[in-house]
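Below: the structure, in structure tokens.
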Amino acid sequence: MSLRVAVVGSGPAGIYTAEALVKQSAGPVEVDVLERLPTPYGLVRYGVAPDHTSIKSIANYLQRVLELPQVRFLGGVTLGSEVSVDDLLACYDAVVYCTGAMVDRRMGIPGEDLVGSVAATDFVNWYCGHPDVSPDRFTLDSPEVAVIGVGNVAVDVVRVLAKTAEELSSTDVPDDVLARLADSQVKAIHMIGRRGPEHAKFTLKELRELGELANADVCVRPDEAVVLGGDFPRQVKGNIDVLRSWAERAPVGRPRRLDVRFWLRPVEILGTTRVEGLRLERTRLSEDGRVVGTGEFETLPVGMVLRSVGYQSVALPGVPFSNETMTVPNVEGRVRDREYVAGWLKRGPTGVIGTNKSDAAETVRTLLADDPHGRVASIDELLSARGVRPVTYEDWRAIEQAEASLARTLGRGERVKLVGLEAMLAACGRVVT
Ligand SMILES: Cc1cc2nc3c(=O)[nH]c(=O)nc-3n(C[C@H](O)[C@H](O)[C@H](O)COP(=O)(O)OP(=O)(O)OC[C@H]3O[C@@H](n4cnc5c(N)ncnc54)[C@H](O)[C@@H]3O)c2cc1C
Ligand SMILES: NC(=O)c1ccc[n+]([C@@H]2O[C@H](COP(=O)([O-])OP(=O)(O)OC[C@H]3O[C@@H](n4cnc5c(N)ncnc54)[C@H](OP(=O)(O)O)[C@@H]3O)[C@@H](O)[C@H]2O)c1
């Protein structure tokens, strides 16, 4: 009898898990990849920046996994809604949870909930055309914007804010979002790091791209680019060198300006109903390496604050979850009997797409060594009895074709995202129920 496995979530972790199951299993294996959206690839589709087309092309690799005869894509099936953990354990020998990290971390400062204080998760979902966020969600009507955090997501957000709509028109950004970007009033972007250049989380390649923006001058204050000590890893040294070189160059009058700031922590987002400013406190490191305030404050006159301070996983109903680590507790991917985890849900929201491949391989090694068995029912019969008709791989390909056709009609690149479940389901001849 073959091994039947449910993989929940079709991001990189889910699809690498499916691939590893097929490649590593000595006997026959059947894998269903269940996904709450009608579309696969998780953050590759709804996270990776639209102008990073070569990274987005990883989808071509993931597509080949979904085309393996042992693998099925079941879109529009949410764990916790259409199916429960008990259902999955009845229909499969093992279940691998790969649902990623979908929400933002909070900063815990006053004003965080004012209108105009925006989680990067929402902003990224907006420009990526995620069905959870409507294209009219954001109007970029404020001339000054602060982006909190100096990680790679903050760099993506800054780049999208700094570029012109023309520069983004050949990407897959939804047309209505592109129109909002064309109307952007943003003139100044402040990117805020609470520690120094040597502690920034962005990577060198991504940082360098900011210096190549045609539409924005990038400025660093010489006093904030000072770094004491010198024995840094190559990537960090590269970041420091780039930031120092920017500190030495003068703006040349490009339409937008990006200020990359360090040693400042947000203490309050100001405003009564909506964001009117951001109060920052200068910081230093304490002797035990903590970020502490110096009592010196500065206020930026921003009308929008984008909080890019990291993603966070959410508990799945019926699945163990640690509120301390915000991950599913596991040992080498094993959660409980016949239950496993991989990807950001397993190790937290860090790491590039490729990191999930070795991570998934570890989980699959554990699973196959356990040799789990226990299914007693059929998922197809269960879903059919509930009136659930999953979005198939062929349906997804029809959505892709509609996106390519939309791009041709609009004279824009290879693909323009369809927005909203209704439009996506209509593209594959389905109606929203
Ligand atoms: C904004 C952003 C940009 C990034 N850009 C890059 C980049 O350029 N290069 C790079 O290498 N890495 C990048 N990364 C990192 C990379 O995207 C992650 O390492 C990777 O996506 C994590 O994979 P995952 O499968 O664990 O999670 P995800 O990709 O988030 O996939 C999780 C999937 O689970 C689905 N799901 C969630 N809940 C349920 C449920 N209850 N039932 C069914 N399905 C569910 C989701 O819809 C989603 O499809 C970026 C990350 C972010 C946040
Ligand atoms: N092109 C790419 O390869 C790419 C693109 C996007 C994302 N990714 C990957 O995806 C993962 C997630 O990226 P991310 O940018 O969301 O997370 P991240 O790399 O963890 O960066 C988070 C940033 O937020 C800061 N921060 C956290 N809490 C804060 C607070 N309360 N106040 C002020 N600042 C705070 C952190 O500063 P401290 O360091 O001081 O905590 C850090 O600068 C990373 O592994 C990233 O490399 C890769």
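The values are calculated or read from the model by the stated rules, or taken from the named source; none is laboratory data. What you are looking at is a predicted structure, and each value in this text was computed from that prediction instead of being measured. Heads up, the Cβs are rebuilt from the backbone with ideal geometry, glycines too, and the neighbour counts pull from every protein chain shown. Just the protein is used for accessible areas: all its heavy atoms, side chains included, with ligands, DNA and RNA removed. Shrake-Rupley method; radii C 1.70, N 1.55, O 1.52, S 1.80 Å.
Overview of values
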quantity: Yes/no for residue 30 being under 21 Å from residue 333 (Cα atoms) and touching a residue at least 12 places away in the same chain (Cβ under 8 Å); calculated: yes
quantity: All positions within region 101-127 that are out of contact with any strand residue (DSSP E or B) (no Cβ under 7 Å at 6 or more places or on another chain) and either assigned to a strand (DSSP E or B) or buried (at least 22 other Cβ atoms within 10 Å of the Cβ) (or both); calculated: 124, 126, 127
quantity: Residue list for region 358-382, restricted to those being within 16 Å of ligand 2 (Cβ to nearest atom) and either small (Gly, Ala, Ser) or under 12 Å from residue 21 (Cα atoms) (or both); calculated: 358
quantity: Qualifying position, being β-branched (Val, Ile, Thr), buried (at least 21 other Cβ atoms within 10 Å of the Cβ) and either more than 29 Å from residue 315 (Cβ to Cβ) or out of contact with any His (no Cβ under 6 Å at 6 or more places or on another chain) (or both), among 419, 364, 352; calculated: 364
quantity: So residue 28, is it open to solvent by 20 Å² or more (accessible area, probe 1.4 Å), more than 24 Å from residue 423 (Cβ to Cβ) and touching a Ser or Thr at 6+ places or on another chain (Cβ under 6 Å); calculated: yes
quantity: Hey, residue 270 open to solvent by 30 Å² or more (accessible area, probe 1.4 Å) and not acidic (Asp, Glu) or not; calculated: yes
quantity: Residue match in region 17-38 (condition: within 29 Å of residue 171 (Cβ to Cβ) and within 16 Å of ligand 2 (Cβ to nearest atom)); calculated: no
quantity: Selected residue (only one of 53, 78 is farther than 25 Å from residue 373 by Cβ, open to solvent by 10 Å² or more (accessible area, probe 1.4 Å) and either modelled with pLDDT under 95 or within 15 Å of ligand 2 (Cβ to nearest atom) (or both)); calculated: 53
quantity: Strands (runs of 3 or more DSSP E) lying entirely in region 301-371 (those with 2 or more residues that are closer than 27 Å to residue 205 by Cβ and out of contact with any Asp or Glu (no Cβ under 7 Å at 6 or more places or on another chain)); calculated: 304-307
quantity: Helices (runs of 4 or more DSSP H) wholly inside region 148-231 containing at least 1 residues that are polar (S, T, N, Q); calculated: 152-162
quantity: Close pairs (9 angstrom Cβ cut-off, 6 or more residues apart or separate chains): open to solvent by less than 70 Å² (accessible area, probe 1.4 Å) in region 202-231, among the aromatic types (Phe, Trp, Tyr) and within 16 Å of ligand 2 (Cβ to nearest atom) anywhere; calculated: 210/202; 220/262; 224/262; 224/263; 225/262
quantity: Condition check for residue 180: among the basic types (Lys, Arg), modelled with pLDDT of 95 or more and open to solvent by 60 Å² or more (accessible area, probe 1.4 Å); calculated: yes
quantity: Boolean, residue 283 is of a type in the set (S, T, N, Q), at pLDDT 95 or above and assigned to a loop (DSSP other than H, G, I, E, B); calculated: no
quantity: Lone unmet requirement of (1) closer than 30 Å to residue 236 by Cα; (2) open to solvent by less than 30 Å² (accessible area, probe 1.4 Å) for residue 153; calculated: (2)
quantity: Region 316-357, subset of a type in the set (D, E, K, R) and more than 16 Å from ligand 2 (Cβ to nearest atom), residue nearest to residue 85 (Cα to Cα); calculated: 339
quantity: Residue, surrounded by the most Cβ atoms within 10 Å (Cβ to Cβ), within region 276-313, restricted to residues that are touching a residue at least 40 places away in the same chain (Cβ under 8 Å) and over 19 Å from residue 154 (Cα atoms); calculated: 283
quantity: Number of the exception - residue 30 against (1) among the charged types (D, E, K, R); (2) near ligand 1 (Cβ under 10 Å from one of its atoms); (3) more than 30 Å from residue 167 (Cα to Cα); calculated: (2)
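A quick yes/no check of all residues on (1) in contact with a strand residue (DSSP E or B) (Cβ under 7 Å, 6 or more places away or on another chain); (2) over 24 Å from residue 178 (Cα atoms); (3) touching a residue at least 24 places away in the same chain (Cβ under 8 Å); (4) part of a helix (DSSP H, G or I):
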| position | (1), (2), (3), (4) |
| --- | --- |
| 398 | no, no, yes, yes |
| 403 | no, no, yes, yes |
| 415 | no, no, yes, no |
| 423 | no, no, no, yes |
| 426 | no, no, no, yes |
